Structures are given as structure tokens and as C-alpha cells.
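A short reminder: the numbers here are calculations on the coordinates, not readings from a lab. Computed from a predicted structure; not experimentally measured. Cβ placement follows ideal geometry from the backbone for every residue including glycine, while neighbour counts extend to all protein chains displayed.
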Amino acid sequence: MPDANPNQHRFKFCPSCGSNRLDADSVKSFKCRECGFKFFLNCAAAAMAIILDDQNRILVTVRAKEPGKGTLDLPGGFTEPGESINHGLVREVKEELNLDIYDLEFFCSVANSYPYKCVVYPITDMAFTCKVKDFSLITPMDDVAGFKFIPVHDFDTNLFGMDSARKVLKKYKIFSNIK
Ligand SMILES: [Zn+2]
């Protein structure tokens with residue numbers, strides 16, 4: 001048996017025929033025992049921004065909501081339907097911090113899962129380095145309670161609530177030491 005489906009007891013009704021005979025079929029799929037329909041809970045795309053100020057400090061946010069309320073995070077969030085990953089990140093950083101990012105460059109991707117209430121969503125997280133011309137209008141909004149600038153080489157990854165942000169920052173620490 002491969003990895004268990006983390007939502008095996010959460011999806012019971014078939015979206016095709018409406019019967020309650022939907023069973024977990026793989027780590028990400030469910031199959032209806034009534035009509036044979038297969039439902040997939042595929043990975044959602046999300047993006048994170050690595051933004052440095054002129055003192056080589058990384059801009060991090062404080063999460064306003066669960067999961068991980070009160071812990072540190074990188075700015076960013078889920079891509080909306082119809083949006084590119086880049087546009088999604090530009091929009092999220094504007095919504096969260098009122099900042100305009102540009103010169104986005106792909107840095108790395110990490111796999112993640114995001115528990116929200118009773119459902120666990122599989123996530124493909126992508127991190128981008130980006131630039132900001134003017135930090136003067138920075139304002140925490142939306143799902144962000146505050147922000148901090150932390151030194152690239154001296155911070156505790158355990159202060160970050162999300163596994164994905166910890167993984168990206170560990171990679172970034174190594175990358176910026178090599179650079
Ligand atoms: Zn069915």
C-alpha cells in the first residue's frame with residue numbers, strides 16, 4: 001500500500017452520481033464504488049517571495065491566521081485559478097504588504113501539505129527572489145499581522161510555522177553563503 005490518503009475519511013460523496021460510496025483510491029484520488037468515477041485532489045500551486053533590503057536582510061511576515069498563527073512566514077500564497085505563478089505572487093505580496101515586487105527569479109520548489117480545518121491539501125510551493133524599489137509604503141494587511149527584516153545568516157528557522165518556509169530558507173542560507 002503506498003502512502004495513505006490524508007483525506008480518506010473526509011470525502012464520502014461521489015461528485016458524479018451522488019452516492020456515499022466514494023473511497024480513497026491512492027494518496028490523492030478517490031473512486032466511487034457505485035459508478036466508477038475517479039476524483040483527484042491534485043496539488044495546488046503556491047508561491048513565496050524572498051525579498052532582501054539594502055542591508056541584506058530578508059523580509060518576513062507574521063501570520064495572522066491558522067495554521068501557524070503568530071509564527072513567521074515568507075510573503076506569498078496560493079495561485080488563483082486563471083493566474084500565472086508570477087502574477088499570483090505579485091498579487092499576494094501587494095495584498096499582504098502593499099509592496100510592488102519585480103524582477104522575479106525562480107529560486108527553488110518544495111513539496112508541502114497544508115492542513116486547513118478538516119482537509120489536508122497537497123501543495124507545490126515555488127520560491128522566487130524578487131526586488132522592491134520602495135519599502136516606505138509597507139503595510140501589513142490581509143492574513144498578515146506584522147513584518148520583520150531578519151539577517152540572512154542569523155535566524156532561527158524554528159520561528160517559522162510552515163515547513164515549506166523553513167525548507168526554502170535553509171536552502172537560501174546555503175545558497176547565499178556560496179554566492
Ligand atoms: Zn459515483
statement: Between F39 and K148, the FRET efficiency computed from the C-beta separation at R0 = 41 Å comes out, to the nearest 0.05, as 0.50
- prompt: Say we join alpha carbon atoms closer than 10 Å with springs in a Gaussian network model of the chain; which of G161, G77, G36 then has the biggest fluctuation?
  reply: G36
Computed helical MRE - 222 nm, the chain, DSSP H runs ≥ 4 contributing -39500 (n - 2.57), nearest 500: -5500 deg cm²/dmol
message: Please list, by residue number, every one of the GluC sites (Glu not before Pro) in region 91-179 that is coil in DSSP and has at most 10 other beta-carbon atoms within 10 Å.
response: none
message: Along the Cα→Cβ direction, 7 angstrom out, place labels at N56 and S29. What is the inter-label distance in nm?
response: 5.0
query: Going by how many other beta carbons lie within 10 Å of each one, how would you line up M162, M141, fewest first?
result: M141, M162
task: Mind sorting C118, C35, C108, C14 by how few other Cβ atoms lie within 10 Å of their own Cβ, fewest first?
output: C118, C35, C108, C14
query: What relative contact order, as a whole-number percentage, does region 44-178 give when Cα pairs under 8 Å and 6 or more residues apart are counted?
result: 33
message: Out of the trypsin sites (Lys or Arg not before Pro) in region 78-119, which ones are loop residues according to DSSP with at most 13 other C-beta atoms within 10 Å?
response: K117
